[in-house]
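The values are calculated or read from the model by the stated rules, or taken from the named source; none is laboratory data. Because the structure is a prediction, the values reported are computed rather than measured. Reconstructed Cβ throughout: ideal geometry from the backbone, glycine too, with neighbour counts over all protein chains shown. Keep in mind that these areas ignore ligands, DNA and RNA; they rest on the heavy atoms of the full protein, side chains included. Shrake-Rupley method; radii C 1.70, N 1.55, O 1.52, S 1.80 Å.
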Amino acid sequence: MLRPPRLSPAEAALWEKVEEGFPLSDEDALFLYHSSNLAFLGALASLVRSRLHGQIVYYNRNFHIEPTNICIYECAFCSFARKPGEEGGWEYSPEEIEAIAHRYVGSGVTEVHIVGGVHPKRGIEYYADIIRRIKRILPHIHVKAFTAVELKVMCARSRMSYEEGLLALKEAGLDSLPGGGAEIFHPEIRKQICATKANTEEWLEIHRTAHRLGIPSNATMLYGHIERYEHRIHHMSLLRELQEESGGFNCFIPLKFRRENNALSHLKETSIIEDLKNYAVCRLYLHNIPHLKAYWPMIGRVAAQLSLSFGVDDLDGTIDDTTKIYSMAGGEEHPAMSVQELEHLIISAGYTPQERDSLYRPIKLSSVST
Ligand code: V47
Ligand code: SF4
């Protein structure tokens, strides 16, 4: 990666630090967040990205199931949750979930992503049953399911420790955990946007336990609402620390706050410049988490394509379904992208597409020639 010309002394020092492979300090990250030199940020993040993954951009074929949007919590940023009996609420029966899984038989999908509201009545047994039913229909599917927030409550309801609950789900076929529920770990912000759900220590403890049991996971950060850069850095520092200890995080996903239909609708959404800058700082600061994912239904296709030049190496995914978490908050209505569309998007940005499984093992070479 060519060093951009006319760097300030501070930028040149950071370039050398990253080139030599040293981790960024919190001060370095803050400096980058305050920088308006987007070309520098992109080049620096691309230095790390190409060291880790060359020109490859991963994608996978997945679908989502949101078993319910009934939720005991009221997170300020959430447009998705409903109270029991409230209009717009749903709770699928196991048979309805089986019917969703049946739609994907023979489709080539390799992963199902299952997250939903925190239902007042459902425990580990219910969710283990759902996983078993899905695996009977799609035996080779990787089940990435349940945020730490959902897991905390389902374990408590079934009077199980985190370890017991996770082991029961693993036995039923759980393969990994998604990264949701992390939001912003700093207590100053957490108490304003999601005061009552799993706190920071609980979120980290559930992921630590999963990693110890051989269940890998992802991590997210909900950014662009009331937090400051310092809170984002604090958030990432806790993840970097846990990753140093357990090595169980596969991927980090910054989630841009979308403001429609929620209690924070008065806030402005971040600009694309801010989103790209954030991807770059995340890539640079989280040196020990191998993958950085752009979730295109949330940021849109153009921003997802641009993000590839700001450290992102993974596009999620060939989603073809009914996911509502983002469409209810202002994301794309029926997010769907075919393999050809996704590969075209990657190739036209100058990168090489690679289909992956949920553990980032290559599945096959691109079907579209570069
Ligand atoms: O925790 C909710 C976020 C998350 C809004 O692991 C919102 O591969 C923006 O975790 N604006 C759930 N974000 C989704 C999730 C996820 C998504 C994609 C990939 C993976 C993965 C995980 O959605 C919640 C919350 O942070 N969210 N409402 C909103 N208005
Ligand atoms: Fe419930 Fe999750 Fe929405 Fe919070 S973000 S209200 S926990 S569905």
Requested in this report: Give the distance, in whole Å, between the Cα centre of the stretch 210-272 and the Cα centre of the stretch 104-123.
Outcome: 21
Report task. Please identify, among L292, L238, L174, the residue showing maximal mean-square fluctuation in a Gaussian network model of the chain using a 10 angstrom Cα cutoff. Result -> L238
Requested in this report: Provide the descending list of Cα extents for the stretch 135-243 along its principal axes, expressed in whole angstroms.
Outcome: 45, 28, 24
Query raised in the report: List the GluC sites (Glu not before Pro) in the stretch 65-122 that DSSP assigns to loop (not H, G, I, E or B) and whose Cβ has at most 15 other Cβ atoms within 10 Å. Which are they?
Result: E74, E86, E87
Query - Sites S93 and R159, calculated FRET efficiency, Cβ-Cβ separation with R0 30 Å, nearest 0.05 - result: 0.80
**Report entry** For the chain, the fraction of alpha-carbon pairs in successive 10 Å shells from zero, as %
**Finding:** 5, 25, 35, 26, 8, 1, 0
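Based solely on its DSSP helices, what 222 nm [θ] is calculated for the chain when runs of n ≥ 4 H residues each add -39,500 (n - 2.57) and the sum is averaged over all residues, nearest 500 deg cm²/dmol?
Value at 222 nm, helices only, nearest 500: -12500 deg cm²/dmol.
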Query raised in the report: Counting only the heavy atoms of the protein chains, how much of M160 is accessible to a 1.4 Å probe, in Å² to the nearest 10?
Result: 60
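Please arrange R136, R232 by accessible surface area, largest first, computed with a 1.4 Å probe and ligands excluded.
Working: R136 165, R232 10 Å².
Output order, biggest surface exposure first: R136, R232.
Pulled fully out, how much extra length does the chain show between Y73 and R132, if you take 0.36 nm times their separation in residues and subtract their Cα-Cα distance?
Details: separation 59, 0.36 × 59 = 21.24 nm, distance 2.73 nm.
Separation in residues times 0.36 nm, less the Cα-Cα distance, equals 18.5 nm.
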Query - Accessible-area composition of the stretch 9-355, carbon plus sulfur, in percent [1.4 Å probe] - result: 52
Report task. Any chance you could give the angle, 0 to 90 degrees and rounded to 10, that helix 162-172 forms with the longest Cα principal axis of the chain? Result -> 80
Requested in this report: Kindly work out what percent of the DSSP beta bridges joining two residues of the stretch 9-355 are antiparallel, to the nearest 5.
Outcome: 5
Query raised in the report: From a point 7 Å beyond the Cα of R361 in the direction of its Cβ, which residues of the stretch 136-170 have a backbone N at a distance under 20 Å?
Result: 136, 138-145, 170
Query raised in the report: What's the extension gain from K83 to H344 if we count 0.36 nm per residue and subtract their Cα-Cα distance?
Result: 89.8 nm
Query raised in the report: With each pseudo-label sitting 7 Å past Cα toward Cβ, what's the F22-E201 distance in nm, one decimal?
Result: 3.4
Query - Given charges at beta-carbon only (K, R positive; D, E negative), |dipole| of the chain in Debye - result: 180
Query - the stretch 289-316-the stretch 35-82 distance, computed between alpha-carbon centres (Å) - result: 6
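How about the stretch 265-307: which trypsin sites (Lys or Arg not before Pro) there lie in a loop by DSSP and see at most 11 other Cβ atoms within 10 Å? List each step's numbers first, then the result.
Working: sites: K268, K277, R283, K293, R301; in loops: K268.
Qualifying residues, ordered by number: K268.
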Query raised in the report: What does the accessible area of K364 come to, in Å² to the nearest 10, when a probe of 1.4 Å is used?
Result: 80
Query raised in the report: Picking from A13, Q243, L308, whose Cα lies most toward the positive end of the charge dipole for the chain (charges on Cβ: Lys, Arg +1; Asp, Glu -1)?
Result: L308
**Report entry** Relative contact order (%) - the chain, alpha-carbon pairs under 8 angstrom, separation at least six
**Finding:** 21
Query raised in the report: Exactly which trypsin sites (Lys or Arg not before Pro) in the stretch 58-126 are in a DSSP loop and have at most 16 other Cβ atoms within 10 Å?
Result: R103, K121
Report summary line: Per the charge dipole of the stretch 6-74 (beta-carbon charges, Lys/Arg positive, Asp/Glu negative, Cα centre), the residue among A43, V57, L30 reaching farthest to the positive end is V57
Query raised in the report: In the chain, what cysteines have no partner Cβ closer than 4.7 Å?
Result: C71, C155, C251, C282
Query raised in the report: Considering only protein heavy atoms, what per residue accessible area in square angstrom results for the chain with a 1.4 angstrom probe?
Result: 41
Query raised in the report: Accessible area of R157, 1.4 Å probe, to the nearest 10 Å²?
Result: 90
Report task. Could you tell me which of Y126, I70, V115 has its Cα farthest along the dipole of the stretch 43-129 towards the positive end, charges placed at Cβ (Lys, Arg +1; Asp, Glu -1), taken about the Cα centre? Result -> V115
Report task. Quick one: order W296, W90 from most to least accessible surface, probe 1.4 Å. Result -> W90, W296
